[in-house]
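The values are calculated or read from the model by the stated rules, or taken from the named source; none is laboratory data. Model, not experiment: these values are computed from the prediction. Neighbour counts run over all protein chains shown; Cβ positions are idealised from the backbone, glycine included. These area figures cover heavy atoms from the full protein model, side chains too; ligands, DNA and RNA do not enter into them. Shrake-Rupley method; radii C 1.70, N 1.55, O 1.52, S 1.80 Å.
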Amino acid sequence: MSGTRGVEFGRLVARFNASQSQFRVVAIHKGAYDEAAIEAVTARGSKNFGRRAPHIVQASELGGAFLLDHKDVARPLWQVMAEAGAELRAEPALAGAEELLDAEGRMLALPLGRATPVLYYNRDAFRVAMLDPAKPPATWYDMVPTLAALVASGSDCALTMAWPASTLLENMAAWHNQAFATDRLMFNNRLAVRWVSTLATWRKSGYFTYAGQRGEAEARFVAGECALLAASSANYDELRSRARFDLGIAQFPYYDDFDGAPLNTLASGAAFWVMAGRPAAEYAGVARFLAFFARPEVQADWHQRTGLVPLNAAAYELTRKTGFYTAHPGHEIAVRQLLVRGTPNWKSLRLGQFPKLRSIIDEELESTWQGRKSPLDALNAAVTRGNAFLDRSAK
């Protein structure tokens, strides 16, 4: 964490330290994302490991998978909390943290900064296109006349998207209550074929612009080149501070002819992992700090100051009752998308090596955007390659 979130986390650490005298938390910034997770693993063989090893490490989904790949590097969160007799106010369903649960539904790590895909739009570009800036497209069918009007008004990039595999397929499946995978990938269904085919058609007609996998979409949008952007809600505060236009944020669109849609999107992001190898007595302090961080009042403060999704519904209710969303409606959109309205058919994955699977899906989607494969062929290839990779990993 750097920037505003780093400052806010430092403030929470100071608040915890001032609230009691038995333990003191020291937060250390390690630089590049997941550098701390890598260092925590590679330092285990050093003679100074006991003095240098962290008690807690922040890791992304990829960093978390890296930690789990190394036996006895991280301790299960549920075990640490149980030993300390500490209560943890976190709800995996709201935090979108199913990938942080073990096979028995127990938490392995504590979600830290969760976010979910939303739709950003340039209200100024809408006005130029004679569109109502207060009415962004709610469905993918509504998107067609919106994109047509934007292109007709001179927009060279009407719609772009970030992180295609996770945004387009995982979240589309969850949002429409469709199966993505069980222990095998199975997302090459009617929804995915329709969706990818639509984007391929939009790309040919100039409605959709593929902007790569690593930040290009956000950069083009904030520069004013693209009028609509589907991306993570975690970007909201940064986009709002950098945009030189009237920024709008709306719910992620859906197809309204699928039963049960919209259901809920998925949250993703970093988590706190408890490292092994420290003195047993010190884990009481670890448990106490993480329980403090998960308190509804602390989570409400964290959510309001960072824009990240809180860990529990109680924090959302506290925020709502203060009138925060009346003044800042954009911060509520992501939370409301994660509140499940019914019994989901779709569950998040706990498949091994999921970051690698995402890379395979991205590669196949790119073959469609580049016109080398049909949407159906690309989706079938992604499922076939992904399942073959899972088979090899199992062996």
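Before moving on, here are some points about what is shown:
- Note on the range 225-271: Kirkwood radius taken over Cα pairs, Stokes-Einstein applied at 10 °C and 1.306 mPa s, translational D equal to 120 µm² s⁻¹.
- Shape of the range 109-241, Cα gyration tensor, a/c cut at 1.5: oblate
- Modelled spin labels at E363 and M186, positioned 7 Å past Cα toward Cβ, are 2.5 nm from each other.
- Using the rule -39500 (n - 2.57) for each DSSP H run of four or more residues, divided by the residues of the chain, the 222 nm mean residue ellipticity is -13500 deg cm²/dmol.
- Positive-end residue of A231, A243, L168, charge dipole of the range 158-247 with Cβ unit charges: L168
- Label-to-label distance, A32 versus R240, with points set 7 angstrom from Cα along the beta-carbon direction: 3.2 nm.
- D_trans [Stokes-Einstein, Kirkwood Rh over alpha-carbon pairs] for the range 1-159, 37 °C, 0.692 mPa s, µm² s⁻¹: 165 µm²/s
- Accessible-area composition of the chain, carbon plus sulfur, in percent [1.4 Å probe]: 51 percent
- Only beta bridges with both residues in the chain are counted; by DSSP, about 75 percent of them are antiparallel.
- Relative contact order of the chain, taken over Cα pairs closer than 8 Å and 6 or more residues apart, is 27 percent.
- Rounded accessible area per residue of the chain, 1.4 Å, Å²: 45 Å²
- Modelled spin labels at V7 and T42, positioned 7 Å past Cα toward Cβ, are 3.2 nm from each other.
- Computed log₁₀ I(q)/I(0) - Debye formula, equal Cα scatterers, no solvent, the chain, q 0.06, 0.09, 0.13 Å⁻¹: -0.25, -0.56, -1.14
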